[in-house]
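Only the coordinates and a few stated rules stand behind these numbers; no lab work does. Remember, predicted model here, so these are calculated numbers, not experimental data. Cβ atoms come from the backbone with ideal geometry, glycine included; neighbour counts cover every protein chain shown.
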Amino acid sequence: MKALDSDYTGCPIHIYDESGNHLCNTMVTYYNKKILRIEVEDPPDLEAGDECKLLILTAPKPCEYRGRIIRIGKRKPIVIYRGQELEKREESRFRVKMPASIEDFICNGNPYPLMLPLRVELINISKRGARFRAPFNTLSDGDRFLLRMRIGDKEKVLLTEIKNHLDNENGISEYGCRFIVGND
């Protein structure tokens, strides 16, 4: 599991219960890749033995795992299950409701900054992409851009491409995008 060899310390993380209910957005404060244990800044209100789903926002794309809360003194670290790096599905989609922005479009591999950032609201995120709301008819399928998200004092920037969109009657569109990795 190559992804588990990365150092997740300092990465933003979303934690969900087993039913997919969002528990918290926080930061990984410690990661031990030998025993697959993480600790987070503001642990969710779970008990030792509770199962959870983890979405760690890493570059070039997020990583998704399952974990179990354990107790060590007053700390509540999370053990990542071996063999549980999820590569299915379509990957699980995690509901989020958080602001993000588009500040740079990408054309022929070069960034073109916008005069004013386009504020968007993330609806869900998976290992391969995200869905967000933006003003009606702002983007087109195939547009590439840098999507910026902030969790606490950390910022994550992911290169993305619009794959589909759905226009709503209230002047808002929903856009599905994929995270671009390498030289896609």
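Numbers at a glance
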item: Dipole magnitude of region 2-80, debye to nearest 20 (Cβ charges: Lys/Arg +1, Asp/Glu -1, about Cα centre); result: 360 debye
item: Matching label, semi-axes √(5λ) of the Cα gyration tensor in Å computed from the structure shown, candidates (i) 31, 17, 15; (ii) 41, 16, 14; (iii) 36, 18, 13; result: (i)
item: Max mean-square fluctuation residue, GNM over the chain, Cα-Cα springs under 10 Å, options GLY129, GLY73, GLY49; result: GLY73
item: Region 33-85: relative contact order as a whole-number percent, Cα under 8 Å and 6+ apart; result: 38 percent
item: Packing-based exposure ordering (other Cβ within 10 Å, fewest first) of ASP45, ASP143, ASP153; result: ASP153, ASP45, ASP143
item: Burial ordering of LYS156, LYS34, fewest other beta-carbon atoms within 10 Å first; result: LYS34, LYS156
item: Gain on full stretching of the segment that runs from VAL79 to VAL157 - 0.36 nm per residue minus C-alpha separation; result: 25.4 nm
item: Amide hydrogen neighbours beyond the local backbone of VAL120, cut-off 5 Å, H modeled; result: ALA100, SER101, ILE102
item: Separation in nanometres of the label points that stand 7 Å from Cα toward Cβ, at GLU174 and ARG71; result: 4.0 nm
item: Region 94-179: radius of gyration and largest Cα-Cα distance (Dmax), Å; result: 12.1, 35
